[in-house]
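Novice: Encoded as structure tokens, here's the structure I'll be asking about.
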Amino acid sequence: MSVQRVAVIGLGAMGAPIARRLLGNGCQVTVWNRSPQRAVALREAGAAVGTSPADAVRGAETVIVTVADPQALVAVTEGEHGIAAGVLPGAVVVQMSTVSPSSVTRLAHALPPGTGLLDAPVLGSVAEAASGALRVLVGGPPELVERCLPLLAQLGAPSRVGALGAGSAAKLVANNALFGVLGVLGESLALGGALGLSWEALHEVLGATPLAEQAARRRPALEAGDHPARFALALARKDADLVADAVTDAGLGLGLTAAARDWLADAERAGGADQDYSAVLPHILHTATKGPQRCT
Ligand SMILES: NC(=O)c1ccc[n+]([C@@H]2O[C@H](COP(=O)([O-])OP(=O)(O)OC[C@H]3O[C@@H](n4cnc5c(N)ncnc54)[C@H](OP(=O)(O)O)[C@@H]3O)[C@@H](O)[C@H]2O)c1
């Protein structure tokens, strides 16, 4: 079997371990990152480094994109140095950043005719990216998804959730659920504390509720007061904003969704942008005790 030629654009917390994993599996990998220092370790591990997104994708059969947000996706895709300017005819772009379905539509229009495109955002974080245990939510034509399954399976468990854009829609639904659960967990902890329950009793009762798994998972970090960043709070707030836009576009009114977004935005404004998104929990515990007038 011939060696797969893959370009990875964006070497942040997720892109770097994805590129490293593909390298380790024997793919021929070319990378590009806006801040060049993030490519140094990958160059040392055997990756080629492009001078621009267009340059990096020139020889690739598959282009994986993992950048922060919709603006970053436009920046690496469009213009004379963007992916669209360099991508090979017949190559497939696999868009793995968390963006809106409308960003995926814009990307589809920006790419030259004949370029394959899948939207494939992921569930899981840095550890799952490194170990190939991501859940990949894929949107796109069935035959193209089928063609890309062997590569995507190197990163985790891919499943097709619908046509192009459905991957991003599914990812927004998943993060909406996650942020809502964290918000309710934080508020339940705040309520229990205010009602005089001990920390132990509070966890005992939460362990008997639908929040049990998250309460147990977040407890050690809350007790240590340490939330090392894996998924930055600023990115989570960005995702919550994408959800809010999608809610508006769909003509819905979703109060819990809006409240969860407000907590993330509050925590970011309070200085937590670079902390892990789970730092929203101590923020809720601290802020809720000040009464009902929290600013949103
Ligand atoms: N971390 C997680 O646990 C996780 C889990 C699931 C999904 N995601 C999603 O995966 C994507 C990447 O997340 P991450 O955690 O890897 O983020 P990250 O560590 O903050 O890295 C962001 C990447 O985007 C690049 N970037 C940002 N703005 C740019 C611009 N204007 N032009 C070009 N490049 C730009 C950054 O380049 P520089 O290095 O130059 O800043 C970096 O390579 C995001 O959409 C995130 O929501 C993350």
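The values are calculated or read from the model by the stated rules, or taken from the named source; none is laboratory data. Keep in mind the model is a prediction, meaning the values are calculated, not measured. In this analysis, Cβ positions are derived from the backbone assuming ideal geometry, glycine residues included, and neighbour counts consider all displayed protein chains. For accessibility, only protein heavy atoms count, side chains too; no ligands or nucleic acids. Shrake-Rupley method; radii C 1.70, N 1.55, O 1.52, S 1.80 Å.
Novice: Output yes when any residue across the stretch 47-57 is within 17 Å of the chain's Cα centre (by Cα) and under 29 Å from ALA236 (Cα atoms), and no when none is.
Specialist: No, the stretch 47-57 contains no residue that is within 17 Å of the chain's Cα centre (by Cα) and under 29 Å from ALA236 (Cα atoms).
Novice: Ok, one more. Quick check on LEU88: is it in contact with a Cys (Cβ under 9 Å, 6 or more places away or on another chain) and closer than 20 Å to VAL31 by Cβ?
Specialist: Here the answer is no, as LEU88 does not meet what is asked.
Novice: Can I ask one more? Does at least one position in the stretch 108-117 carry a residue that is open to solvent by less than 60 Å² (accessible area, probe 1.4 Å) and closer than 21 Å to ASN25 by Cα?
Specialist: No.
Novice: From the residues in the stretch 80-94 that are in contact (Cβ under 8 Å) with a residue 40 or more places away in the chain and either within 15 Å of GLY10 (Cβ to Cβ) or among the polar types (S, T, N, Q) (or both), which one is surrounded by the most Cβ atoms within 10 Å (Cβ to Cβ)?
Specialist: ILE83
Novice: Can we say GLY116 is under 19 Å from the mean Cα position of the chain (by Cα) and either within 23 Å of ALA13 (Cβ to Cβ) or modelled with pLDDT of 95 or more (or both)?
Specialist: no
Novice: Just need a number here: residues in the stretch 1-15 that are touching a helix residue (DSSP H, G or I) at 6+ places or on another chain (Cβ under 7 Å) and open to solvent by 30 Å² or more (accessible area, probe 1.4 Å).
Specialist: The qualifying residues number 3.
Novice: Between residues in the stretch 171-182 that are closer than 15 Å to ILE284 by Cα and open to solvent by 20 Å² or more (accessible area, probe 1.4 Å) and residues that are not charged (D, E, K, R) and not in a helix (DSSP H, G or I), which pairs lie under 9 Å by C-beta distance while being six or more apart or on different chains?
Specialist: VAL181/PRO210; VAL181/LEU211
Novice: For VAL76, indicate whether it is farther than 26 Å from ALA236 by Cα, touching a residue at least 12 places away in the same chain (Cβ under 8 Å) and of a type in the set (A, V, I, L, M, F, W, C).
Specialist: no
Novice: Let me spell it out: the conditions are (1) over 29 Å from ALA120 (Cα atoms); (2) not assigned by TED's automatic domain parsing to the domain that holds LEU235, and GLY207 meets all of them except one. Which number is the exception?
Specialist: (2)
Novice: Would you call SER159 assigned by TED's automatic domain parsing to the domain that holds ALA130 and open to solvent by 20 Å² or more (accessible area, probe 1.4 Å)?
Specialist: Yes.
Novice: Scan the stretch 34-69 for residues that are near the ligand (Cβ under 10 Å from one of its atoms), more than 23 Å from PRO150 (Cβ to Cβ) and either open to solvent by less than 20 Å² (accessible area, probe 1.4 Å) or not assigned by TED's automatic domain parsing to the domain that holds VAL122 (or both) and jot them down.
Specialist: Across the stretch 34-69, the qualifying residues are ALA39, PRO53.
Novice: A follow-up question, please. Counting just the residues of the stretch 107-117 that are more than 15 Å from the ligand (Cβ to nearest atom) and in contact (Cβ under 8 Å) with a residue 12 or more places away in the chain, which one comes out nearest to VAL138 (Cα to Cα)?
Specialist: So, considering only residues that are more than 15 Å from the ligand (Cβ to nearest atom) and in contact (Cβ under 8 Å) with a residue 12 or more places away in the chain, the one nearest to VAL138 (Cα to Cα) is LEU117.
Novice: Find all pairs meeting these conditions: Cβ atoms under 6 angstrom apart; at least six residues apart or on different chains; first residue within the stretch 129-146 and within 13 Å of the ligand (Cβ to nearest atom); second residue open to solvent by 60 Å² or more (accessible area, probe 1.4 Å) and not aliphatic (A, V, I, L, M).
Specialist: LEU134/GLU128
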